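Encoded as structure tokens, the structure appears first; notes follow it.
Quick note: the coordinates plus some simple rules give every number you see, no bench work behind them. The structure displayed is predicted, hence computed values, not measured ones. A quick note on method: Cβ atoms are made from the backbone with ideal geometry, for glycine too, and the neighbour counts reach across all protein chains shown.
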Amino acid sequence: MREELLRFIETPDRETFLAFRAKIIASGAYEPYSDEFDKVGELFEQEKFQEAQEILRQAMGNLMLSPRAHQYLGYAHHKLGDKQRADMEMMIGMVCVEGILTTGDGSQESPYLVLRTSDEYDVLERFEKQLGQQSLLHQDGRHFDRIQCTDGTTYWFDITDAYNQLGKSIGA
């Protein structure tokens, strides 16, 4: 999957993003509601940056397109004194957000495609928006998160793949 990541970084467009995204979903490693970020947050609070890096590396098959995973990995590298890797991971995180933005315009008619709920929050952060209210909606066999920001802006996210994966994991 590293080759797909490199291809996406070299050509960060809708086509390469969607191809890489499809590969992650089909990989068997895709767990949209995994808890690595909670564990990593706890380790950051304890200043255990090496351990946080290891958790992220082990989960990278699942988190390869997660902006947050790369941002967290960049932060850990920074705290461990590796500026070059920190900068690289932060750049990859930004490219991942830009990839999400190629999938739609955030409207109900053209929602952003995300792999994880944290991706939604990373998009909000990119637009410097604050979460006001989040609603789960089901329409025509698809599943969406509608986020209303505190400034009145509304963004739609297609979470169908994540929702369906959750159903598989709980045997629904």
**OP:** Nearest 5 is fine: what % of DSSP beta bridges in the chain come out antiparallel, could you say?
**Re:** 85 percent
Original post:
Helix-derived [θ] at 222 nm for the chain: sum -39500 (n - 2.57) over DSSP H runs of at least 4, divide by residue count, nearest 500?
Top reply: -17000 deg cm²/dmol
Subject >> Alpha-carbon centroids, the stretch 64-79 and the stretch 141-160: separation in whole Å >> reply: 25 Å
Original post:
Which option, (1) 24, 20, 15; (2) 26, 18, 17; (3) 29, 17, 13, is the value of semi-axes √(5λ) of the Cα gyration tensor in Å that was calculated from these coordinates?
Top reply: (2)
Original post:
If you put +1 on each Lys and Arg Cβ and -1 on each Asp and Glu Cβ, how big is the dipole of the stretch 93-168 around its Cα centre, in Debye rounded to 20?
Top reply: 240 debye
Original post:
Sequence-distant or interchain residues sharing an amide H contact under 5 Å with HIS143, placed H: which?
Top reply: ILE159, THR160
Original post:
Picking from GLY141, GLY74, GLY132, which is most flexible by a Gaussian network model of the chain using Cα springs under 10 Å?
Top reply: GLY141
Original post:
Using the Karplus equation 6.51 cos²θ - 1.76 cosθ + 1.60 (θ = phi - 60°), what ³J(HN,Hα) coupling, rounded to whole Hz, does each residue of the stretch 86-99 give in order, writing x for Gly and Pro?
Top reply: 4, 4, 4, 5, 5, 5, 4, x, 5, 5, 4, 4, 4, x
**OP:** Report the residue, chosen from GLY61, GLY106, GLY152, that carries the largest GNM mean-square fluctuation when the chain is represented by alpha-carbon nodes joined by springs under 10 Å.
**Re:** GLY152
Subject >> Highest average packing first - 3-11, 97-105, Cβ atoms within 10 Å >> reply: 97-105, 3-11
Subject >> Long-range HN-HN contacts of THR154 with modeled amide H, under 5 Å >> reply: CYS149
